[in-house]
1. Distance between the C-alpha centers of segment 579-645 and segment 213-273? Whole Å please.
2. Taking every pair of alpha-carbon atoms in the chain, give the share separated by more than 46 Å as a whole percent.
3. Which is farthest toward the positive dipole end of the chain among Val576, Ala345, Ile171, measuring Cα position about the Cα centre, with Cβ charges +1 (Lys, Arg) and -1 (Asp, Glu)?
4. How much length, in nm to one decimal, is gained on full extension between Glu467 and Asp126, taken as 0.36 nm per residue of separation minus their Cα-Cα distance?
5. Please order Ser56, Ser673 by the number of other Cβ within 10 Å, starting at the fewest.
6. Starting from the Cα of Val118, step 7 Å toward the Cβ, then list every residue of segment 591-624 with an amide N under 19 Å from that point.
7. Just rank Met676, Met694, Met100, fewest to most, by other beta-carbon atoms within 10 angstrom.
8. On a C-alpha basis, how far is the centre of segment 95-148 from the centre of segment 312-358 in Å? Whole number, if you could?
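Every number here is computed from the coordinates shown, using simple stated rules; none is lab data. Note that the coordinates shown come from a computational prediction; the quantities given were computed from them, not determined experimentally. Methodologically, a virtual Cβ is constructed for each residue, glycine included, from the backbone with ideal geometry; neighbour enumeration extends over all protein chains shown.
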Amino acid sequence: MALVALAAATPLWTGGAFAAGGVPAPLPQQAGNVGEDRLKQADSEPQNWFTGGRDSRQTYHSPLAAINDKTVGRLGFAWSYDLGTHRGQEATPIVVDGVMYTSGYKGLVYALNAETGVELWRFDPDVPDIAYREPCCDTVNRGVAVWKGKVYVASVDGRIHALDAATGKEIWSADTITDHRQPYSSTGAPVIAHDVVVIGNGGADMEKGGVRGYVSGYDLDSGKLKWRFFTVPPAPGARLEHPELVVAARSWGPHRAAVYAGGATAWDGMTYDPETNLVYIGTGNAAPYDLRKLGKGNGDDLFACSILAIDPDTGRMAWYYQTTPGDHWDFDAVQKLVVADLPVAGKPRHVVMQASKNGFFYVLDARSGKLVSADPYTYVNWAKAVDMKTGRPEITTQADYYKHPKNIYPSWSGGHTWPPMSFNPQTGLVYIPVIDVPNIWVDMEHNGGRVKYVNGFFSIEGFFPDENYSAADLKSLYGTLPELKQLQSERSGKLVRELIRAWDPVSQKVVWEHETSSGVRGYDGGVLSTNGNLVIQGRGSGQLFVYAADTGRVLKTIDTGSHIMAAPMTYAVNGVQYVAVQTGYGGAAITVGPIPASSAASRFDNENRILAFKLDGGETPKPAPRPQEPFPAPPPSKASLASIRRGEVKFTEQCSRCHALGPSVTPDLRKLSPQMHQAFEDIVLHGVAGPLGMERFDDLLKPADVKAIHAYLIDQQKQGYQAQLAAARK
């Protein structure tokens, strides 16, 4: 299948040269045929999107230009594919020689005809029921890797799978988890580095505290473990597995309790740079958030909240840079790492860039890790600046929330989190999905509330002061919190907003910006840029926005009716350029409440789809409207007020991370049917709904706890039902 170039008036792409005659060489017949040579010359095959970020540098930028700032007004619907699920979708598809490969919920893998959207094969990793309750932030997956006829994916239970790219048949799988007693999970995309596939894991947000971060390199053909790099030291006195941990151990102090394994999981951002033969890896927060629990003498907690450079041949560290020493704010450094060549002091510099969760944009020398620049790309009040001599942030008094709750920018969603940013070498700009949102951080153990911890977030909680925030409503559970008026007086403008921001990484300045889904807390999508002078981003509202890359002018909007969190991508088949994006609400969003009213998922069914667009396409079909599920009549209950109040606390501690009191991707437990009420204890304690994703909780809850939770939910159902009847009488 050969790619035919379009007419000169609308070039398919701009950049390097095609084969002689302006037509690419015939495409290889082997499915998933990506190797070192093709990836190195990715710009000469712009019809393909070889990696999660298209190229080895993870730029999320394409040379394709048939869809451009002059033609994009004609962009319309080409095809859609139903993924068959209703959860968060965070993957960016890969396209190789006309075949699209992508992942979904729990590690499902799909192969499609990229021209038509017709399914070629599908792989189900057959995840055990217990795995569904381990991730902090939904059973999402951020993509696959394709290499030399194989597709690699990590399933949520921590296994990595190698599949035949032609058939989807599993060739090998390996269990990457060192201790299944701890809440490890894998949601990130694997990275191919030389002759290994590299994968990390998550779990450092979970209140058990027993997760210790590491990354592993597996042989591409056999699945044999070749090396493992631990990101934090073991418990004091234990054997250090590799020399780098000597330095790390000094930064943790001698009094760390064995129950706290340190965290620092590498759950997303990884980039392999063939020019340096290094894998750049971002690590997450230390565990627990409350570093006082680690004892006196605790320091920077290396290598948490750090960017590491690992030699993929040996698993040894070449250098590290810590973005947030002694992190108390969940400021992971796992955001996408983009490799680029930038002019620095009049000379080209090979660098690694990250818009970190802590609000600073870091440029590091790719070979040495030396800090080149670090300036805030969004509003920051936890630190004044980064000291360029030491590389350390200058912490403010606002950052200390242990005595009193504090409103801290950015939130634990970050100034930027996992949704990919894009670097356009033509404009020299980075396009960042920015979350300009604070958290009210509160130490629940010492703030006078009834809830002392939330399963998944230790004893530290953060509240978004959005339109739903009420200090009075939260006081009973969490203690005294600042009033909304007080928060609004600290800074002019909206407290909660999201933006797309064009950032110059050389001058460290904003070039243009647009506010996006105001009120949707960190749920807009990643970014794509192209040589057509375009920047494309999906929003939580369901709209796909197209901007001029140089000026930020809005050129086109398409209402899809689907919440978009993932980054779009672009490819071409038979001379036709497509833009595609995966849709679906979920992820960390489900941990902070019901679906926001501004989300498309509040109006339409959260049907997970892949949507593809092309020039002169049609109108985009929307999912069915979200059904307005009424409150059923509640069953009779003789529970005491004390039991109901106890149930409220237990629900908040153990259930609220996944179940919102309102519409979400999981059931609204205020609207249980009579059959569900009857089976409630069997569901919670014995896991009878395990195949549906609701695993048993008899290790965390006693029968009396479950009865109290049930009483609380019946009371909530009663209140909703009575309000429903009252509204019907009006």
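1. Here the answer is 38 Å between Cα centres.
2. Details: 42055 of 266085 pairs.
Result: 16 percent of Cα pairs exceed 46 Å.
3. Value: Ala345.
4. Details: separation 341, 0.36 × 341 = 122.76 nm, distance 4.02 nm.
So the chain would gain 118.7 nm between Glu467 and Asp126.
5. Numbers: Ser56 21, Ser673 10.
Fewest to most other Cβ atoms nearby, the residues stand as Ser673, Ser56.
6. The answer is 610-613, whose backbone nitrogens lie closer than 19 Å to the label point.
7. Details: Met676 14, Met694 19, Met100 26.
Arranged by neighbour count, lowest to highest, Met676, Met694, Met100 become Met676, Met694, Met100.
8. One Cα centre to the other: 28 Å.
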